[in-house]
1. Using just the C-alpha positions of the stretch 217-370 as equal point scatterers, what log10 of I(q)/I(0) does the Debye formula give at each q in 0.16 1/Å?
2. In deg cm²/dmol, rounded to 500, what helix-only [θ] at 222 nm does the chain give when every DSSP H run of at least 4 residues adds -39500 (n - 2.57) and the total is split over its residues?
3. Over the chain, what is the mean sequence separation of C-alpha contacts under 8 Å (at least six apart), divided by residue count, expressed as relative contact order in percent?
4. Roughly how many whole Å is it from the C-alpha centroid of the stretch 226-270 to that of the stretch 117-177?
5. In nm, to one decimal, how far is the modelled label at Leu363 from the one at Asp29, with both set 7 Å along Cα→Cβ?
6. If you wrap the stretch 198-258's Cα atoms in a convex hull and average its projection over all directions, what's the area in nm²?
7. Dividing the alpha-carbon radius of gyration of the stretch 1-98 by 2.2 N^0.38 Å (N being the number of residues), what value is obtained?
8. If we count other beta carbons within 10 Å of each Cβ, what is the order of Asp358, Asp41, Asp330, Asp115, fewest first?
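Coordinate-derived values only; no laboratory data. Given the structure is predicted, the values throughout are model-derived calculations rather than measurements. Note that each Cβ is placed from the backbone with ideal geometry, even for glycine, and that neighbours are counted across all protein chains shown.
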Amino acid sequence: ETAEKGGYETFMLKEIHEQADAVAETVADRTARGDGVDLGDLGTIDDAFLRELRRIVVVACGTSYHAGLIGRYAIEGWARVPVEMDIASEYRYRDPVVGPGDLVIGISQSGETADTLAAMRLARARGATVLAITNVMGSQATRDADGVLFTRAGLEIGVAATKTFVSQVAAMYLFALRLAELRGTLEPARLSELVGELKRLPHLIAEMLDGDDEAIKAVAERHHQAEFFLYLGRHIGLPVALEGALKLKEISYIATDAYAAGEMKHGPIALLDEATPVVCVATESPVLDKVVSNMQEVRVRGAHVIAVASDGDEEIGEHADELLRVPRTDWMLAPLLAVIPLQLLAYHVARLRGLNVDQPRNLAKTVTVE
Ligand code: G6P
């Protein structure tokens, strides 16, 4: 088993370090053309359908749901197609209005999650076209879909998803760019620029992971005994906050809440005291100034702000107690980088608490019961 971990102390740490490769494998040949995206064989989902479709619905569970949330911003922002999101276990019980002309995307790392499969089948039975995004060839999701877009993260053993998440996010970006290309909603120069930036992400991830993680370890040392962490984000930062909070909860057993930063004043602000670490996703984006004002509100209450911020943003340091830096990229792509320090923060906190991060209590890698 030690050999399988390739010198890392756990599978989770190994898989975190495999993320540059996971994204590179997922995007490489699909972006080879440079000025657009080629998704290859999507079964019966052809270009004509993608040009005409009316609406997209994304169904997924757990971490895969968070990948879908990020994809929604990219699809709506770049391809101008409305996207609805649903947790698969909720979708199937609300008699959803769905049918021909709708594309339902089921995202499932394993391709075997019972609720996601049931949601996909329900949509298909009502006449929708179904695309599966999965990491496992031959999985049930590939049989329950009209077409499949594979992530290529390789086998993931750690129960908490890491490298499969970033490859799902990359797949959603690819899909969004392809839709935009087919529907003519991005200027060709902008499309090429985004494709180029997507291709650059594996290098940026490798750069982050090859650097030292002392800043993250220091934050973990300082807060690993906290009883509660709040995570805040806006727009594309919100799914990153949700995923960061889920990772910490899953492997450290610390209670977490993740909130749209603008909603904080409607509830979670009541939880803040001087002992509360508040992780704020504050990478560059059109809403950064709003995030900064939320960070100020947090600090006024004496709580402790840990900000995930873009390299080169000097001002942000004035509003945070601790900074976790990520390389600059197009703001829409930033979630793929911003999640990495939060995975590592969860990892180091759990290790400092002496926990088994690869097999956390009560959780299963794949949930095949409803
Ligand atoms: C379980 C795993 C999670 C995963 C979720 C959905 O809860 O522990 O890591 O995100 O299932 O799994 P799927 O295979 O459908 O992506």
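1. Result of the Debye calculation: -0.82.
2. Helices in the chain give a 222 nm mean residue ellipticity of -13000 deg cm²/dmol.
3. Value for the chain: 20 percent.
4. Taking the Cα centre of each part, the stretch 226-270 and the stretch 117-177 sit 26 Å apart.
5. Label at Leu363, label at Asp29, 3.3 nm between them.
6. Value for the stretch 198-258: 5.1 nm².
7. Normalised Cα radius of gyration, the stretch 1-98: 1.42.
8. Least to most surrounded, the residues fall as Asp41, Asp330, Asp358, Asp115.
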